[in-house]
Structures are given as structure tokens and as C-alpha cells.
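In what follows, a single structure is set out as C-alpha cells and then discussed.
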Amino acid sequence: MRGLSLQMSGRSLESPEDVASLLADAWAGIVADCRSVLGSELHYQAMIYAELRRVGAPRGQIGMNVKQFIEDPITDHFRALGQRKHELYRGGFEPIPDIVLFGAGIAGDWRRRNNLQTLRHMIGAIEVKASERSGGRLMQGEILRDMRKLAAHRAELEHLGRRILAVTLVVDTAPEAGERMTTLVRSNCRAAASDARIGWLYVSPQDDECTMPT
């Protein structure tokens, strides 16, 4: 592939366990970075990406907003989401995780046209939510919707014989208490992540949590 450097600088990532280790090493830096600015969800995604690269994620194995296509979903959730599209565009579902980690076999190519390989080599998916609304806060329903998508995505990959680490990462750093998740919602979301075997990473101005599924 002319013009595409496939040099894989950084640590070796080949399994969900490698992704969990990478996140654990990056977590302190992610917390510090996300507390240092007040911005949009997309900006936090970029900061998280940068910190994962800093602690060793190879540039050819980490992508943002990766468009994947599952031609014949086996999960009810992805089937239902696919049916919401115009009838001319049905026949599959296209998840777009915020941050995706791949094994080295992806060889730096996660273009939409390479969708079979992006599924085959995927080892981790991170969905980021941020408290960026003026006068509003993150609600339980929207966090749980992301978790359902992650759980369905993982089930689709398991059907293809792949294991992935699915993670919800919440940046809840709004300075006003009324613009942050309530204690009850945060507790409920943490419990839901545990039940669904999804990583729960949370940062607020005062504390943080980094829990991986067991």
C-alpha cells in the first residue's frame, strides 16, 4: 500500500486483556486531561485517543469513529436498529464506536470498505459520553443505550469467533453539580455495566472509577 506507513510503534495489542491493561495504564492521564478542560464529547474522545497513544497504543491499531458494517446481524438490538433505516438502505447495521482497538492484523486499514477485516481484528470498543449540555446532565437512559449497543456489538463479534473488551467511559466534569450525573444514576449505570460485562470508566471533578469486567 503506497503512502501508508505500517510501522507498528508501541506495545503489542492482540487481546481484550491487552486493551484492559492499556486503559489501566492510561487512566491517570485520561483523568488529568479530561479535568483540565471543558469541551465537547468529540474533544474528549481526541484526548483519550492521545493518552492511549502516549502509553503505547500502536498508531496502526487504534481508530476513532470507525464505521463498521454487519451484513446480517444476529442480535435483536442491531436488527431493530437496522429496521429504522429507510427501506432502501436496510439489510445490515453499521455501528460506529468512538474509539476502536485492533490486533496488529488490521495493518492500519480500517476504512469502511475493509469492514470484514475491521470486525475480524477488533479487540476493543470504547463509547464516550460527556456532560456538555448547558443546564442539563447525563441521564441514565442515554448511558444504558450506549451499553446496549456495546453488548450487542460484542455479541456480534462473539458470533464471528472474536472476543472484545467493551467499555463505557463517562466524562462528567461539568463544574456545576446540577450538570453532573446524580449519585443514584451513577450507581445504577455502574451496576448495569457490571451486569453486562462492560468496562465502567468514570471521571468527575472530585473522583474517578476504572472498573473492568470480570
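Which value at 222 nm does the chain reach when only helices count, each DSSP H run of 4 or more adding -39,500 (n - 2.57), with the total divided by all residues and rounded to the nearest 500 deg cm²/dmol?
-12500 deg cm²/dmol
Please list, ordered by chain and number, the residues whose modelled amide H lies under 5 Å from the amide H of Ile123; skip anything fewer than 5 residues away on the same chain.
Leu101, Phe102, Gly103
Nearest 20 debye, what's the magnitude of the dipole of region 16-211 about its Cα centre given +1 on Lys and Arg Cβ and -1 on Asp and Glu Cβ?
Approximately 520 debye in magnitude.
Give me log10 I(q)/I(0) at q = 0.18, 0.20, 0.21, 0.27 Å⁻¹ for region 130-202, Debye formula, one equal scatterer per alpha-carbon, no solvent.
For region 130-202, the Cα-only Debye profile gives -0.69, -0.80, -0.86, -1.21.
Give the shape of the chain as rounded, prolate or oblate, defined through the alpha-carbon gyration tensor: a ≥ b ≥ c are the square roots of its eigenvalues, a/c under 1.5 means rounded, and otherwise the shape is prolate if a/b is larger than b/c and oblate if not.
Taking the square roots of the gyration eigenvalues as a ≥ b ≥ c, the chain is oblate.
Every number in this text was worked out from the coordinates using simple rules, so none of it is lab data. Just so you know, these numbers come straight off a predicted model, no measurement behind them. Heads up, the Cβs are rebuilt from the backbone with ideal geometry, glycines too, and the neighbour counts pull from every protein chain shown.
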